[in-house]
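For reference, the structure discussed in these notes is given below.
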Amino acid sequence: MPINYEGLSLDVGYRADIIVEDTEVIDLESVEHVADVHKKQLLTYLKVSDKRLGLLINFSAPLIRQGITRIINGNVI
């Protein structure tokens, strides 16, 4: 995903794991505990791509529903 800054597009951007229907970003992890850095990384992806919704999915959780964290970018309307 390229970075757009003041009309300039840089191709050396971030690599999101999954972008669904050009509306939300899904970041996949497999860690013992989701740290704040994982949430901040997903929020950065949302800000760079001008998306509103992101899901952080941790596959190391005992149940998949316990491993899903929803992140909302408040800057996009």
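Protection proxy ranking of 58-70, 31-43, by the mean of other Cβ atoms within 10 Å over each peptide's residues and highest first, is 31-43, 58-70.
With the simple spin-label model, which puts each label point 7 Å out from Cα in the Cβ direction, the residue 50 to residue 30 separation comes to 3.5 nm. DSSP bridge analysis restricted to the stretch 16-72 gives an antiparallel fraction near 55%, rounded to the nearest 5. Only the Cβ atoms of Lys and Arg (+1) and of Asp and Glu (-1) were treated as charged; on that basis the dipole of the stretch 16-72 about its Cα centre amounts to roughly 220 debye.
P(r) for the stretch 16-72, from all Cα pairs and a bin width of 10 Å, is 26, 56, 17, 0 %, short bins first.
Only the coordinates and a few stated rules stand behind these numbers; no lab work does. Keep in mind that what you see is a predicted model, and the values were worked out from it rather than measured. Every residue, glycine among them, receives a Cβ derived from its backbone with ideal geometry; neighbour counts consider all protein chains shown.
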